[in-house]
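What follows is one structure encoded as structure tokens, with my remarks underneath.
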């Protein structure tokens, strides 16, 4: 499948790398290609610059948000939550219309330091804001409840015996995303319902952050036992 | 142990019944004993009136919040989140001072219908509000992330192979609560840290409510796989 991954950070790299490994034709989208490739310093979280990752992944093309989205059948929103709406605006409404958007972003607000709080709470969600802003996009919220390494290689932890959620208004789009998640190795994909259920998964971040602190590792996962 | 359970609803009944079964001396606290015993209709959720439960549990005494708290070594807050602070105020500061409070309440706001939203979000929590209002109380937030039946009988689901969280500022109080949880059958008690980590567990409610909708049963649990 032709897939655009919007966002050049850890999450975008993890998705783009794994999708390429699985045989997809992946283009990573960024605001400005030259600026992204000119960065030689690690980001604020200590992750290496994109161009180091790109060197190790020659099959992945870097393009503008609009170029990446134009040819894609499926688009992954792996941008920071606070810039997701402008990034999608830059991708262009015509390039998005009718397509599936796998939305991984979280509405994290780091303005008061760590742990971040959320800039959308439980009466709205970033997933809903994106769906409302781009009614022609088929938004499916998923994967935002775990570390990037586990998103794409769930089998690295407990043989993949943990849960991932999907929220969205379009049944066929959720089916497409579910198949993609299963191809990554996810064994328990729970369909929570329409895009408003993204309120539930986005609000898992506060406990995720505290568990990260308490357990001292991001390599943990939620399993819904039933 | 002499334990006061504040609140006569489903959660209070579940806790009081199980604690009695385990040999504790339990008094249930309510605002007005006569009013509680006069109720003959099911509550808004269809649960039978307290007096039916009381008939089946003759060992459990019903008293005012203040009477129940006065003699207790440990106090359980099983009131609705929106009345927790006034209920504790009614219990009396002197009756609470220096004691452990196991806080199970959730800050649910049903004013806009179902599913409820939260009246405290991720920059504060009900647990913290109680701790701030009653500095002499040793507040431990726990059990608020699951159905009442699973709180007290976790072994009913998957042999108890799921997780429960504790948040609180006092290490000895968390130890007391952890021992109580283990006596119920909990096998994985995760200490998240101080009382501010209650923000994480209270914000599990939004996804709990959506999972309840998607799975069609409240008999599920979070397990932290690591």
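Looking only at residues of the stretch A:199-213 that are without any contact (Cβ under 8 Å) to a residue 12 or more places away in the chain and within 7 Å of another protein chain (Cβ to nearest Cβ), we find that the one that is surrounded by the most Cβ atoms within 10 Å (Cβ to Cβ) is A:207.
Please verify whether residue B:128 is within 14 Å of chain A (Cβ to nearest Cβ), surrounded by fewer than 22 Cβ atoms within 10 Å (Cβ to Cβ) and more than 20 Å from residue B:72 (Cβ to Cβ), treating the condition exactly as stated. Full working, then the answer.
Values: within 14 Å of chain A (Cβ to nearest Cβ): yes; surrounded by fewer than 22 Cβ atoms within 10 Å (Cβ to Cβ): no; more than 20 Å from residue B:72 (Cβ to Cβ): yes.
Taking the combined requirement at face value, the residue does not satisfy it.
Taken over the stretch B:169-188, residues that are free of Cβ contacts under 8 Å to residues at least 40 places away in the same chain and touching a helix residue (DSSP H, G or I) at 6+ places or on another chain (Cβ under 7 Å) amount to 4.
Please go through the stretch B:26-45 and give me each residue that is without any contact (Cβ under 8 Å) to a residue 60 or more places away in the chain, surrounded by 14 or more Cβ atoms within 10 Å (Cβ to Cβ) and in contact with a helix residue (DSSP H, G or I) (Cβ under 8 Å, 6 or more places away or on another chain), ordered by number. Walk me through how you get there before you give the answer.
Step one: of the stretch B:26-45, the residues without any contact (Cβ under 8 Å) to a residue 60 or more places away in the chain are B:26-28, B:30-45.
Within this subset, residues satisfying the condition of being surrounded by 14 or more Cβ atoms within 10 Å (Cβ to Cβ) are B:26-28, B:30-31, B:33, B:36-37, B:39.
B:26, B:27, B:28, B:30, B:31, B:36, B:37, B:39 - these are the residues of the stretch B:26-45 that are without any contact (Cβ under 8 Å) to a residue 60 or more places away in the chain, surrounded by 14 or more Cβ atoms within 10 Å (Cβ to Cβ) and in contact with a helix residue (DSSP H, G or I) (Cβ under 8 Å, 6 or more places away or on another chain).
Scanning the stretch B:203-213 for residues that are part of a helix (DSSP H, G or I), in contact with a helix residue (DSSP H, G or I) (Cβ under 6 Å, 6 or more places away or on another chain) and closer than 18 Å to residue B:127 by Cα returns a single hit, B:206. Here residue B:165 meets the list (1) in contact with a strand residue (DSSP E or B) (Cβ under 6 Å, 6 or more places away or on another chain); (2) under 26 Å from residue B:21 (Cα atoms); (3) away from every other protein chain (no Cβ under 11 Å); (4) surrounded by 20 or more Cβ atoms within 10 Å (Cβ to Cβ) almost entirely, failing just condition (3).
If you check B:97, B:171, which single one turns out to be at pLDDT 95 or above and either over 22 Å from residue A:115 (Cβ atoms) or within 11 Å of chain A (Cβ to nearest Cβ) (or both)? Going through B:97, B:171 in turn, the sole match is B:97.
In the stretch B:46-67, which residues are in a loop (DSSP other than H, G, I, E, B), farther than 21 Å from residue B:2 by Cα and in contact with a helix residue (DSSP H, G or I) (Cβ under 7 Å, 6 or more places away or on another chain)? Quick ask: steps written out before the conclusion?
Within the stretch B:46-67, the subset in a loop (DSSP other than H, G, I, E, B) is B:46-49, B:57-60.
Okay, now just the ones that are also farther than 21 Å from residue B:2 by Cα, so B:46-49.
Once the filter is applied, which keeps residues that are in a loop (DSSP other than H, G, I, E, B), farther than 21 Å from residue B:2 by Cα and in contact with a helix residue (DSSP H, G or I) (Cβ under 7 Å, 6 or more places away or on another chain), the stretch B:46-67 yields only B:47.
Under the condition of being in contact with a helix residue (DSSP H, G or I) (Cβ under 8 Å, 6 or more places away or on another chain) and assigned to a loop (DSSP other than H, G, I, E, B), which residue from the stretch B:214-226 is farthest from the other protein chains (Cβ to nearest Cβ)? The selected residue is B:218.
Got at least one residue in the stretch A:70-84 being crowded, with 24+ Cβ neighbours inside 10 Å, more than 21 Å from residue A:150 (Cα to Cα) and modelled with pLDDT of 95 or more? Write out each step before concluding.
In the first step, residues of the stretch A:70-84 are kept if they are crowded, with 24+ Cβ neighbours inside 10 Å; the result is A:72, A:75-79, A:81, A:84.
Imposing the further condition that a residue be more than 21 Å from residue A:150 (Cα to Cα) reduces the set to A:72, A:84.
Add one more test, that the residue is modelled with pLDDT of 95 or more, and what stays is A:72, A:84.
Yes: one or more hits.
The values are calculated or read from the model by the stated rules, or taken from the named source; none is laboratory data. Since this is a predicted model, take the numbers as computed values, not measurements. Backbone-built Cβ (ideal geometry, glycine too); neighbour counts: all protein chains shown.
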